[in-house]
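A.B. asks: Got a structure here, written out as structure tokens. Questions coming.
What follows draws every value from the coordinates through simple rules; no lab data is involved. What you see is a predicted model, and the numbers here were worked out from it, not measured in a lab. We place every Cβ from the backbone using ideal geometry, glycine too, and count neighbours over all the protein chains shown.
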Amino acid sequence: MMQKKLNQKAWFLVLPVFLLVAFSAVLPLMTVVNYSVQDSFGNNEFYWVGAEWFEEILNSSRFHDALGRQLLFSGIILAIEVPLGIWIALSMPKKGWGASLCLVLMALPLLIPWNVVGTIWQIFARADIGLLGHTLAAMGIDYNYTQNATAAWVTVIIMDVWHWTSLVVLLCYAGLSSIPDAFYQAAKIDGASRWAVFRFIQFPKMQRVLLIAVLLRFMDSFMIYTEPFVVTGGGPGNSTTFLSIDLVKMAIGQFDLGPAAAFSLIYFLIVLLLSWVFYTVMTARDAEAGQ
Amino acid sequence: MAEIHLQATAHSYIANPKEPADYALKSLDHVWEDGGAYALLGPSGCGKTTLLNIISGLLTPSEGRVLFGDTDVTHRDTADRNIAQVFQFPVIYDTMTVRQNLEFPLRNRGMTAADIKARVDEIAEMLDLTDRLDDRAANLSADAKQIISLGRGLVRSDVNAILFDEPLTVIDPHKKWQLRSKLKALHRQFGFTMVYVTHDQTEALTFADKVVVMFGGEVVQIGTPEELFERPAHTFVGYFIGSPGMNFLPASVDGTTATVSGQQISLGAHYGALGNDQVEIGIRPEFLKLSEGDSATIQSIEDLGRHKIAKISFQGHSLSALVPEHQSITPGPSGLIFEPERTLVYQNSHLVTGVK
């Protein structure tokens, strides 16, 4: 064995990153932790309240409702965008100008800022002047996202599908492009059906990028704020008030800093926990294979 | 199993081919005999893989027919042809075990579970895979993966031919020899028709009974390794096979004499008057002997241990000669003897047969 000399100077090399992370993430997070265990009445006076805010948030029906809506929203988003993204990636041309054209078209929605997407759909879906809303109204369908909760949900979901399915498509397409032709030729020789080709060649090769796609789409949809805020403002009523919208109302609208801080920490832990669950489940087979 | 006939088979990747250069494979008539071991040898881009894919049915030729025995299979699906093909990179189904990989083609054809098990066990026995059947295929080494992809072809009963597309490219050098011997042994034992694509002459010559040499989309010679070495039908064969390749010198030939820049060289046969048009004489470095004299100059010597290679300048042309290890030579003037029986004549790159 080679003897390595212990050199404590190496810590200095880590110092810049350490400071950067400390100021950008750890310190703000600690402030939030600080707020979450105290009460304040202004004048910079704080009183220790322990876990009281956490208990309040965890027992409040307002939080339960928002969490329920958020889980339902992310669930629907994943259930639509992942299969749809895979399907589009599979149907895209493999080479030639068609492939380039599709890639550009797919990338377009991703380049538009969140609040612009919200504004586009807010106008597009209006029953009086919007192309979509007006057309639906003309067809005799009762569609008004400012009054009808179902219409509001449908609008927000379609908007997210339009905005983010491309991400799944692009990731899956990259995964598919990495499969050598020989795999398809071998499958032909083996007499594999279209479904078997997908199940045993394309899907396994896409799995790694799919993991990334699912994690990104889960986290982003679970933290969604701007687009529904612009389109529905959380309404009608509270029907599209997702966790982040609720949190902002609490922190900035009502200025309940303590409960809002506790809310933030619980929110953060839920995202972390669910991401970990997705990751563990989706890499279970690789772990089994010892990879 | 059946003979495979190619009848005027040609292929172009361009929709409306006009000139010969548009064809990736130029018109070819050939019969692959049942049970033969063939190698398709040639540089990259010469049409080897195109020819192979036409046989396996991955490509439909733009012209001509493909027959298995008496059946025309030109437009048949590749799955119906009972062809096994092993590709350059090992193709295995990552999520499956070795056994499931071997079962896959049989399942797709709707065989019963009992038949599948019997057949897979038999093939696993044949390829020495029995004790690995329940391992995950993804974790195996490249050579084991190649064996599995071969096995997936073999499990189907009544395999017409096994096609190999440069199967040893990604295999470690010390395993290459092992795998090649294994293929050879399988061929001897079971008598499958095998077609083996490679650009490595050693692989081709050790594997095959008959080597098909391709160049620019054309088959330039089909022969035993010995024929390719002793009588290359095309200058490309002479140059491609052998190390170093054959020496060629522009010459004019009249009767039994060739003239290279005024120097006369006698030939082993009578050729009549060929004129000066694209005529060359060719001789292998093995048959070029050094002697007393000063008609040529030895420029450099490479000692390879078993023998030496002398680079020689002769009438402004550079030649290679193989010199036995024990013969001592030094750079400088030397005589040069062309063995008449071994000196061949080529016109427009093709071998000219003389009259004895």
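A.B. asks: Give me the net charge for the shell around A:Gly175: Cβ to Cβ below 14 angstrom, other residues only, Lys and Arg +1, Asp and Glu -1.
C.D. replies: Summing Lys and Arg as +1 and Asp and Glu as -1 gives +2.
A.B. asks: Where is the GNM fluctuation largest for chain B (alpha-carbon springs, 10 angstrom cutoff): B:Leu304, B:Leu52, B:Leu344?
C.D. replies: So, out of B:Leu304, B:Leu52, B:Leu344, the one fluctuating most is B:Leu304.
A.B. asks: If each Cα of region B:244-352 is one equal point scatterer, what is log10 of I(q)/I(0) from the Debye formula at q = 0.10, 0.13, 0.19, 0.24 Å⁻¹?
C.D. replies: Per q value, in the given order, log10 I(q)/I(0) is -0.28, -0.46, -0.92, -1.33.
A.B. asks: Separate question: Only helical DSSP H runs with n ≥ 4 go in: add -39500 (n - 2.57) per run for chain A, normalise by residue count and round the 222 nm mean residue ellipticity to 500 deg cm²/dmol.
C.D. replies: Per the formula, -21500 deg cm²/dmol.
A.B. asks: What FRET efficiency comes out for the pair B:Ser141/B:Asp200, r = Cβ-Cβ distance, R0 = 22 Å, nearest 0.05?
C.D. replies: Given R0 = 22 Å and the Cβ-Cβ separation, E is 0.60.
A.B. asks: Report Rg(Cα)/(2.2 N^0.38 Å) for region B:4-239, keeping two decimals.
C.D. replies: 1.03
A.B. asks: How would region A:194-291 be classified by its alpha-carbon gyration tensor: rounded, prolate or oblate, with rounded meaning a/c under 1.5 and the a/b versus b/c comparison settling the rest?
C.D. replies: Oblate, because a/c is 1.5 or more while a/b does not exceed b/c.
A.B. asks: Given springs between every Cα pair under 10 Å in a Gaussian network model of chain A, which of A:Gln254, A:Gln70, A:Gln122 has the largest fluctuation?
C.D. replies: Taking springs between Cα atoms under 10 Å, the residue moving most is A:Gln254.
A.B. asks: Roughly how tilted is helix B:142-154, in degrees to the nearest 10 and between 0 and 90, from the longest Cα axis of chain B?
C.D. replies: Taking Cα atoms only, the helix is inclined about 70 degrees.
A.B. asks: Only four residue types carry charge here, +1 at the Cβ of Lys and Arg and -1 at the Cβ of Asp and Glu. Report the dipole size of the protein assembly as shown about the Cα centre in Debye, rounded to the nearest 20.
C.D. replies: The dipole magnitude comes to about 420 debye.
A.B. asks: For an R0 of 22 angstrom, estimate the FRET efficiency from the Cβ-Cβ distance between B:Thr60 and A:Ser193 and round to the nearest 0.05.
C.D. replies: So the FRET efficiency works out to roughly 0.60.
A.B. asks: Separate question: Across region B:4-239, how many lysine pairs, 8 or more positions apart or on different chains, have C-alpha atoms separated by under 13 Å? Please give the number.
C.D. replies: So the count works out to 4.
A.B. asks: With an 8 Å Cα cut-off and a minimum separation of 6 or more residues, compute the relative contact order for chain A in percent.
C.D. replies: 27
A.B. asks: With the crude spin-label approximation of a point 7 Å out along Cα→Cβ, what separation in nm comes out for A:Ile252 versus B:Ile337?
C.D. replies: Placing both labels 7 Å beyond Cα along the Cβ direction yields 10.0 nm.
A.B. asks: Counting only other residues whose beta carbon sits under 13 Å from that of A:Glu227, what net charge do I get with K and R as +1, D and E as -1?
C.D. replies: Result for the local shell: -2.
A.B. asks: When Lys and Arg each count +1 and Asp and Glu each count -1, what net charge do the other residues less than 13 Å away from B:Ile162, Cβ to Cβ, add up to?
C.D. replies: Neighbour charge sum, excluding B:Ile162 itself: +2.
A.B. asks: While we're here: Quick one: length gained pulling A:Leu103 to A:Ala22 fully straight, 0.36 nm per residue minus the C-alpha distance?
C.D. replies: This chain segment gains 25.3 nm when fully extended.
A.B. asks: Classify region A:50-283 as rounded, prolate or oblate, taking a ≥ b ≥ c as the square roots of the eigenvalues of its Cα gyration tensor: rounded when a/c is under 1.5, otherwise prolate if a/b is larger than b/c and oblate if not.
C.D. replies: In terms of gyration-tensor shape, oblate.
A.B. asks: Find, among the trypsin sites (Lys or Arg not before Pro) in region B:244-335, those assigned to loop by DSSP (not H, G, I, E, B) with at most 11 other beta-carbon atoms within 10 angstrom.
C.D. replies: Passing both the DSSP loop test and the Cβ count: B:Arg306.
A.B. asks: Taking the radius of gyration and the Kirkwood hydrodynamic radius from Cα positions alone, what is the Rg/Rh ratio for region A:119-181, to two decimal places?
C.D. replies: Over the Cα atoms of region A:119-181, Rg/Rh equals 1.24.
A.B. asks: Quick one: work out Rg over Rh on the C-alpha atoms of the protein assembly as shown, Rh as Kirkwood radius.
C.D. replies: 1.16
A.B. asks: Neighbouring Cβ atoms within 10 Å as the yardstick, rank B:Glu63, B:Glu166, B:Glu19 fewest first.
C.D. replies: Ordered by Cβ neighbours within 10 Å, fewest first: B:Glu19, B:Glu63, B:Glu166.
A.B. asks: At a Förster distance of 30 Å, what's the computed FRET efficiency of B:Trp177 paired with B:Asp303, Cβ-Cβ distance as r, to 0.05?
C.D. replies: 0.75
A.B. asks: In the Gaussian network model of chain B, springs joining C-alpha atoms below 10 Å, which of B:Ala161, B:Ala296, B:Ala84 carries the largest mean-square fluctuation?
C.D. replies: For chain B, modelled as a Gaussian network with Cα springs under 10 Å, the answer is B:Ala296.
A.B. asks: Along Cα→Cβ, 7 Å out, is where each label goes; now give me the distance between the ones at A:Gln207 and A:Leu273 in nm to one decimal.
C.D. replies: It is 2.8 nm.
A.B. asks: Putting +1 on Lys and Arg Cβ atoms and -1 on Asp and Glu Cβ atoms, find which of A:Leu90, B:Phe287, A:Asn144 reaches farthest to the positive end of the dipole of the protein assembly as shown.
C.D. replies: Going by the charge dipole, the pick is A:Asn144.
A.B. asks: Sticking with this structure for a sec: Figure the gain on full extension for A:Asp220 and A:Leu71 (residue separation times 0.36 nm, minus the Cα-Cα span) and round it to one decimal in nm.
C.D. replies: 52.4 nm
A.B. asks: Counting other Cβ atoms within 10 Å of each Cβ, which trypsin sites (Lys or Arg not before Pro) in region B:67-138 have at most 13 and sit in a DSSP loop?
C.D. replies: B:Arg109
A.B. asks: Let me ask another. Let me spell out the model: positive unit charges on the Cβ of Lys and Arg, negative unit charges on the Cβ of Asp and Glu, origin at the Cα centre of region A:50-283. What dipole size does that give, in debye rounded to 20?
C.D. replies: Here the size comes out at about 1020 debye.
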